[in-house]
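Have a look at the structure below, then the notes.
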Amino acid sequence: MNFRVSHPQGSAAALALILALGALPGIAAAQRVEVMKSPTCGCCEGWASHMQAEGFDVAVTDTPDDALAAAKARLGITPETASCHTATVEGYVIEGHVPAEDVRRLLAEQPEAIGLSAPGMPLGSPGMEMGGAAERYDVLLLRRDGTTEHFASHGAD
């Protein structure tokens, strides 16, 4: 947050406001998103930038492809739900180009699930922007029993 205080008496009020906002849930600290990606993948960096711009604290780790595949399998990502990068946030897995709004909803609702996936690399999803081109895509809720269900839809109609 950026505050500009131009009056000396305003400094105390601004400090009080900052401290009060820091006491509110979700305002005090950004949620940490740990991203594992292939060292050669640029769209993954685009998704990480999207998440950071949306207020998340993002850490990106370049991960060799074999180690990334092993991590996906360990975390419950199947070939059908896989994408190019895998992230974790507050105990949930976020696979691929899932929009920040869906991650926020997941964290607010806290369903019994592994996490979310936007399978493949949908054109127009965060990190996969190509001008104005976009395709319709679904974000899936990944259940612990291996099933999936629709969580959200995005893109062209």
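Read-outs throughout are calculated quantities, based only on the coordinates presented, and are distinct from any laboratory measurement. The structure displayed is predicted, hence computed values, not measured ones. Note: ideal-geometry Cβ built from the backbone for every residue, glycine included; neighbour counts use all protein chains shown.
Quick notes
- All alpha carbon pair distances within the range 37-121 were sorted into 10 Å bins beginning at 0; the resulting P(r) in whole percents reads 18, 55, 26, 1.
- Net charge, ARG32 excluded, C-beta distance under 9 Å - Lys, Arg +1, Asp, Glu -1: -3
- Neighbourhood charge, 13 Å Cβ-Cβ cut-off, centred on SER117 and excluding it, Lys, Arg +1 and Asp, Glu -1: -3
- Amide H to amide H distances under 5 Å link VAL93 with GLY115, LEU116, where only residues 5 or more positions off or on other chains count and H is placed in the peptide plane.
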